[in-house]
1. With the requirement that a residue be of a type in the set (S, T, N, Q) and either within 16 Å of ligand 2 (Cβ to nearest atom) or in a loop (DSSP other than H, G, I, E, B) (or both), what does the range B:15-55 give you?
2. Just to check your reading of the model, which residue among B:Q98, B:Q87 is within 10 Å of another protein chain (Cβ to nearest Cβ), within 16 Å of ligand 2 (Cβ to nearest atom) and free of Cβ contacts under 8 Å to residues at least 24 places away in the same chain?
3. Inspect all residues belonging to the range A:326-343 and state whether any of them is in the same structural domain as A:I27 (by TED's automatic domain parsing), among the polar types (S, T, N, Q) and under 30 Å from A:S147 (Cβ atoms).
4. Would you kindly identify the helices (runs of 4 or more DSSP H) lying entirely within the range A:312-416 that contain at least 1 residues that are more than 16 Å from ligand 2 (Cβ to nearest atom)?
5. Step by step: first the residues of the range B:50-73, then only those that are within 16 Å of ligand 1 (Cβ to nearest atom), touching a strand residue (DSSP E or B) at 6+ places or on another chain (Cβ under 8 Å) and not hydrophobic (A, V, I, L, M, F, W, C), then the one that is nearest to B:D160 (Cα to Cα). Which residue is that?
6. Tally the residues that are small (G, A, S), within 16 Å of B:V84 (Cβ to Cβ) and within 12 Å of ligand 1 (Cβ to nearest atom), restricting the search to the range B:14-48.
7. May I ask you to say which residue of B:A171, B:A141 is aliphatic (A, V, I, L, M), more than 27 Å from B:A61 (Cβ to Cβ) and within 16 Å of ligand 1 (Cβ to nearest atom)?
8. Within the range A:246-263, is there a residue that is within 27 Å of the chain's Cα centre (by Cα) and not assigned by TED's automatic domain parsing to the domain that holds A:L22?
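The values are calculated or read from the model by the stated rules, or taken from the named source; none is laboratory data. It should be emphasised that the depicted structure is a prediction, and the values quoted were computed from it without experimental measurement. As a convention, Cβ positions derive from the backbone with ideal geometry for all residues, glycine included, and neighbour counts pool all protein chains shown.
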Amino acid sequence: MNALALAIAYLRRRPLNTALNLLLLAIGVGTIALLLLFTDQLQKRLQRDADGIDMVVGAKGSPMQLILSSIFHVDIPTGNVSLGNAQTLAANAMVREIIPLALGDSFRGYRIVGSEQNYPAHYRAELADGAWWQEPLEATIGATVSSEGGLVIGDIFAGAHGMASGGAQHAETPYRVVGVMAPTGTVLDRLILTSIESVWEVHAIHDEEADAHDDTEHIVESQSGSGGVLAHGDPDQEVTALLVKFRNPIAAAQLPRQINMQTPMQAALPGYEIARLMQLVGAGIDGFRAFAVVLVISAGLGIFAALYNALAQRRYDIAVMRALGATRGTILRQILLEGVLLAVVGAVLGLLLGHGTAALAGSWLRQEHQIHLVGLTWVHEEIWLIVMAVALGAVAALLPALQAYRIDISKVLARG
Amino acid sequence: MLEVAGIRHSYQSQLVLDLPHWRADEGDQWLLHGPSGCGKSTLLHILGGLLTPSEGIVTLAGTELGTLRGAAGDRYRGRHIGIVFQQLHLIDAITVRQNLTLAQRFAGLPVDEARATEILTVLGLADKANAFPFALSHGQAQRVALARALINRPAVVLADEPTSNLDDENAARALALLRDQARAHGSALVIASHDGRIKDAFEKRLELPARREAAA
Ligand SMILES: Nc1ncnc2c1ncn2[C@@H]1O[C@H](COP(=O)(O)OP(=O)(O)OP(=O)(O)O)[C@@H](O)[C@H]1O
Ligand SMILES: [Mg+2]
């Protein structure tokens, strides 16, 4: 019969009370753990997707929308910009590299992105199978598009107009899957990549109906030149957005302002917009966190009340234990142990609950939205949740433990 | 073996016990006797090291209890003194066997399950080892309390009113068991009781005089 077994025996003596306090603590700690997991993974995901992209340029509108649509591929694009303006920007000495994007269509909810080889190269994507797109209407797909969207090499599919499935189909100009990328852990996994010219061709036909064939043949041929659309494209054509990398840090201070003031285009800085986004998300999270903290504090009060009330009935037990040879210190530690044990078990249950919920919510969010949340991962702050629980249990048990410490055995036993 | 000298004890400056000298030898069986309120329980607590007398010294097996401070006193009590309380005070949250091994642990002794089994068998409680105290009859609970007092083979067993609230037959049985087991374990026995029925059974009696409640 060691101290731990004795503590468990006493907790089991009041099962309802113990269960209630465990539940309260578990929900509180679980909520905090879930929030930690969510913010951590969201932030990491946002940072990974935006890593290395200094500036995004697109049509005027909301800068947040521009970032969301062109880096993270959620939200709809702000519009298109003329390739001529893009070409002018590409010539700027402060620009090291531009990744042009042509957006607008999707297949089964996966976005079709017209771009160039430097786009997958930016994310260090590698081919799992097949080849990169080369010829018109060839597509190389992300790992998730293959595993969950069910596309394989050789498949022919028609893009749908718009970002959600169910838009008008471009049935006359179907794509052919020529390659599948290995998983990158980035937004790329959920994209269908093709050439910008392919996107143009699909839309040219769509806009001008069937008799525009000659025209599109011409456009398609122009893609084969090195340097891509920024070097050789028709300045009157349009792209949706440009992912820009700077040559030096000074560019961040000058280029965005220059673009916003002197061109019909808009420049947005991913770092700034992500910080703003996290702030917005953070405001909602703070509300949840306050709720969770209230739960945890109630659990602490519950543990205190339970131990304090139990003390009235346990006075004789404690006096007898002292008579049997237990020291004041032993009794003090015994009561503290009970509080800490309750808190730690509650916290561990809470962590399991938090991670379980994250895993469940994650599988749902992945299907409904493009948010990635996994349960089987740790955030180092979680160790603080355990430390906090130990402290909570000890503090809640302190007063009852001191009361037990001070019991006058002779007086208590004389009364019995 | 167990000896007191110049013991006086007061509660809130009211003297309730005045015992200039008394001693019990090894294996002795004593009855502390006297009317209610004469200080029997108080003396028993002093002998058991549960209460420090206002004045005087208690010596058990050559050790003066008053010199043992804090944890040392607790350990000494756990090891050498067995106490049977009037209300028994078994710990309800744990089993009969755990009540016994807890007494070993709190005394600072290694847990000896075989010893627990042995004493439960001797007292006819072998089949109750894993029962919880609240599920025992009063007689069984009394025997468990006795087993717990004896498990560490104490030098002296103290019992406060072991026969109160029992009918004649059960009182005689409880007393006989207490005396037999104390003898079998080589422990001295000191019983505090105002029960007139058992008075004549003891050769060694310490009569405590009645105290007037308001005496200054
Ligand atoms: N903690 C205390 N505070 C004040 N007075 C006390 C306390 N404990 C006992 N007394 C008083 O001391 C006197 C002796 O009490 P004690 O319990 O030792 O008597 P007793 O002989 O055991 O009586 P009983 O036969 O009724 O058990 C009584 O007058 C009692 O009221
Ligand atoms: Mg008494």
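1. B:S36, B:S41, B:T42, B:T52, B:S54
2. Numbers: B:Q98 fails: within 16 Å of ligand 2 (Cβ to nearest atom).
The match here is B:Q87.
3. no
4. Ranges flagged: A:328-368, A:382-406.
5. B:P53
6. Going residue by residue through the range B:14-48, those that are small (G, A, S) are B:24, B:27, B:34, B:36-37, B:39, B:41, B:48.
In the following step, the residues that additionally are within 16 Å of B:V84 (Cβ to Cβ) were identified as B:41, B:48.
Pick out the ones that are also within 12 Å of ligand 1 (Cβ to nearest atom) and you get B:41.
Count: 1.
7. None of the other options fit; the residue is B:A171.
8. There is at least one residue in the range A:246-263 that is within 27 Å of the chain's Cα centre (by Cα) and not assigned by TED's automatic domain parsing to the domain that holds A:L22.
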